[in-house]
Amino acid sequence: MTKTNDILLIRPDGSGYEMLYPDGSVQKTKEKPLAFLDRRCLLLGSSANGRMESFRSVLGVKQKAAVLVSELKGEIWFPTLSMKAPECVWLNYREILSVSSSGRNTSLVRFFSGMTAEINVDIRTIRLQMKRCRAYLEKISENQKNV
């Protein structure tokens, strides 16, 4: 059984994937990140594909669509690269405190729990994804008020 509360990130580890938790523990899994997120979305009445389609439609973007798992919790996950890239890392937006550059095409993500993770992607990519997540959450909140 996979713990699902407050997972910080899901990243490839060579033989599958690992999920990093706020206490530093890691859980190994063979389940692909998108399958995991889809399962979580289905529990709350949607699908990962539907969530990505909404993200693309609301923001007018085509690449690296985020997956909103829970509006109530503001749980939204974004990929750092193309979802087809084997080195793609998925980050839980609501758990991120800050991001800084830690070298060429490498970023250090600091989470609210105090944990950090080095991600092999340029800081601009992570900042853009975070900006998109924030804009998406704001737009759907606004849309819900106008329905």
(message) Under 16 Å between alpha carbons, and skipping anything fewer than 8 positions from Lys64 in its own chain: which aspartates and glutamates qualify?
(response) Asp38, Glu53, Glu87, Asp122
(request) Using a 1.4 angstrom probe on heavy atoms only, work out the carbon and sulfur share of the accessible area of the chain in %. (result) 49 percent
(request) Taking the chain as the reference, fit the longest principal axis to its C-alpha atoms, fit the long axis of helix 33-43 to the helix C-alpha atoms, and give the angle between the two in degrees, 0 to 90, nearest 10. (result) 40 degrees
(message) For Val89, what residues show an amide H to amide H distance below 5 Å, using hydrogens built from the backbone and excluding near sequence neighbours?
(response) Thr80, Leu81
(message) I'd like the Karplus ³J(HN,Hα) series for segment 18-32: coefficients 6.51, -1.76, 1.60, θ = phi - 60°, whole numbers in Hz, and an x wherever there's a Gly or Pro.
(response) 10, 10, 9, 10, x, 8, x, 6, 10, 10, 8, 8, 9, 5, 5
(message) Would you report the distance distribution of C-alpha pairs in segment 1-53 as whole percents per 10 angstrom bin, up to the bin with the largest distance?
(response) 24, 51, 24, 1
(message) Before I look further, what does the chain give for accessible area per residue, probe 1.4 Å, in whole square angstrom?
(response) 55 Å²
(message) Can you give the local net charge around Asp38? Use residues other than it whose beta-carbon is closer than 12 angstrom to its beta-carbon, Lys and Arg +1, Asp and Glu -1.
(response) +3
(request) Give me the distance between the Cα centres of segment 116-145 and segment 4-66, rounded to whole Å. (result) 14 Å
(message) Please state the shape class of segment 90-147: rounded when a/c is under 1.5, otherwise prolate if a/b exceeds b/c and oblate if not, all from the C-alpha gyration tensor.
(response) prolate
(message) If I model a spin label as a point 7 Å beyond the Cα along the Cα-Cβ vector, how far apart are those points for Lys73 and Lys145 in nm?
(response) 2.5 nm
(request) Provide Rg over Rh for segment 51-115; use the alpha carbon set for both Rg and the Kirkwood Rh (inverse mean inverse pair distance). (result) 1.00
(request) Before anything else, pin down the relative contact order of segment 1-145: Cα pairs under 8 Å, at least 6 apart, normalised by residue count, whole percent. (result) 18 percent
(request) Note the direction-averaged projected area, equal to a quarter of the hull surface, for the Cα convex hull of the chain, in nm². (result) 8.7 nm²
(request) Taking the chain as the reference, fit the longest principal axis to its C-alpha atoms, fit the long axis of helix 123-145 to the helix C-alpha atoms, and give the angle between the two in degrees, 0 to 90, nearest 10. (result) 30 degrees
(request) Give the long-range amide H neighbours of Lys64: residues separated by 5 or more places, or on another chain, with amide H under 5 Å away, using H modelled in the peptide plane at 1.01 Å from N. (result) Met83
(message) Only Cα pairs within less than 10 Å get springs; with that Gaussian network setup on the chain, which residue of Glu87, Glu18, Glu31 has the largest fluctuation?
(response) Glu31
(request) Excluding Gly74 itself, calculate the net charge of residues whose Cβ lies under 12 Å from the Cβ of Gly74, where each Lys or Arg counts +1 and each Asp or Glu counts -1. (result) -1
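The values are calculated or read from the model by the stated rules, or taken from the named source; none is laboratory data. Since we're looking at a predicted model, the values are computed, not measured. Please note: Cβ atoms are built from the backbone with ideal geometry, for glycine as well, and neighbour counts cover all protein chains shown. Note: areas computed on protein heavy atoms with side chains; ligands, DNA, RNA excluded. Shrake-Rupley method; radii C 1.70, N 1.55, O 1.52, S 1.80 Å.
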